[in-house]
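First comes the structure, then the notes that go with it.
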Amino acid sequence: MSINSKALKTTNYRKALGSNTELSSIFIENMTLFLHQYLSFDPIPDSLLKGKGYGRQVGSSVTKLQLNIARGHPSWEGLVVGFPGTKEQLATAHVGTPLIREILYPILELHNRVQDHYKRRMPCIYFIGERFSDVLLRKFRLIGLVTPHVIVFTHDILSCLKRKKAIPGISGDVINENWVKNYLLDKMCSDSGLTVKTSDSSVQLGFLSHEVPTFEGTKNPERLDILGYDKNDNSLVAFEIKGPQCSRIQLENLYLQGIEHRNWLEENKMALKLLFEGPRGNTINTRKRVKLLLGFFGESVPSLFYKLREQALRKDRFLSIDFCRFVLSAGDKERILFADFDQG
């Protein structure tokens, strides 16, 4: 569909949904085409929308969204809700709180009707849109509390797949953070992966993507340095790193930044599994919790890091947070080594 951005300056998203020309459906179409590798999409039966046997119709604000039913692997079936529009058109300036309040419960009710109609679990609700504001994402998380699986697909998540294929090579002799990241990526892409010595044991990392867009930033999305997986138990790993020239403030921020990005991965791990390998792949185990690995140069871990980890584990004993120390080698065979920290 063509985009009439001028119209959105004078109206809101609710009104634009009633038009056939104002909101772009390009991303939804592209994402649907990709998902057809693994799932088929069926239209919603009119009886479910009109409320036959349920007492009332589904609200018009929901029926104007692009609705489908995902069929295929039983664990990945469910309701698909597409939000047409560009990232600018889906911003909070146009998608207001009143509309969000109107659509949340009807989406849950429609999902329940779909389950009743097919007499199957149909555990998933998919949300597809070029980019969602933090306000919408927060509301989606509410739905996730009362639904087995909420899976969000955006342009940022889809870009993870492109970054898997576009791996930068190691070049130059200046050992900075970017060089370190590329060095690690090169090792992770090998058949055996990268064995990282940590403060507690070791982990064998395989590569999935890098510079992964996560939460909304002031201008551009924040990014996770490296997305990997543990080759031993197939859990996802958020790998945040700092280069040899990082400042004290940058190093201290690494812990909270890593926690935030690790939490984003936990929320989106089913979307990432479907993206990278589909429902039947065995590289990513979504039943495993996402691990956080923080890597940096220096003789010791900041003393507060261990205390913060201890406190985090008191609240969630299944968390996995670990640290690794980078050391530049004197020889040419291996430029970066891993060593123990002084923990005093």
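The values are calculated or read from the model by the stated rules, or taken from the named source; none is laboratory data. None of these values were measured; they are calculated from a predicted model. Here the Cβ is made from the backbone with ideal geometry for all residues, glycine too, and neighbour counts use every protein chain on show.
Specify which of the listed residues (ARG113, ARG131) is basic (Lys, Arg), farther than 28 Å from SER47 by Cα and touching a helix residue (DSSP H, G or I) at 6+ places or on another chain (Cβ under 9 Å).
ARG131
If LEU275 satisfies every condition in (1) modelled with pLDDT of 95 or more; (2) under 18 Å from VAL203 (Cβ atoms) but one, which is the exception?
(2)
What's the total number of residues in the stretch 189-199 that are part of a loop (DSSP other than H, G, I, E, B) and either free of Cβ contacts under 8 Å to residues at least 60 places away in the same chain or touching a His at 6+ places or on another chain (Cβ under 6 Å) (or both)?
Of the residues in that region, 5 qualify.
Any idea which of ILE249, ILE336 is among the aliphatic types (A, V, I, L, M) and in contact (Cβ under 8 Å) with a residue 12 or more places away in the chain?
Testing whether each residue is among the aliphatic types (A, V, I, L, M) and in contact (Cβ under 8 Å) with a residue 12 or more places away in the chain leaves just ILE336.
Does PRO221 satisfy the criteria of being within 21 Å of CYS324 (Cβ to Cβ), in contact with a helix residue (DSSP H, G or I) (Cβ under 8 Å, 6 or more places away or on another chain) and not acidic (Asp, Glu)?
The answer is no for PRO221.
Can you go through SER209, SER159, SER192 and tell me which one is modelled with pLDDT of 90 or more, buried (at least 18 other Cβ atoms within 10 Å of the Cβ) and polar (S, T, N, Q)?
None of the other options fit; the residue is SER209.
Within the stretch 129-156, take every residue that is of a type in the set (Gly, Ala, Ser) and surrounded by 17 or more Cβ atoms within 10 Å (Cβ to Cβ) and give me the one that is modelled with the highest pLDDT.
Here the answer is GLY129.
Could you grab me the full set of residues in the stretch 263-290 that are exposed (fewer than 15 other Cβ atoms within 10 Å of the Cβ) and free of Cβ contacts under 8 Å to residues at least 24 places away in the same chain?
GLU277, GLY281, ARG287, listed by residue number.
For CYS124, only one of the following conditions fails: (1) of a type outside the set (Asp, Glu); (2) out of contact with any Phe, Trp or Tyr (no Cβ under 9 Å at 6 or more places or on another chain); (3) modelled with pLDDT of 90 or more. What is its number?
CYS124 satisfies every listed condition except (2).
Taking the stretch 146-188, which residues are more than 21 Å from the chain's Cα centre (by Cα) and not in a helix (DSSP H, G or I)?
PRO168, GLY169, ILE170, SER171, GLY172, ASP173, VAL174, ILE175, ASN176
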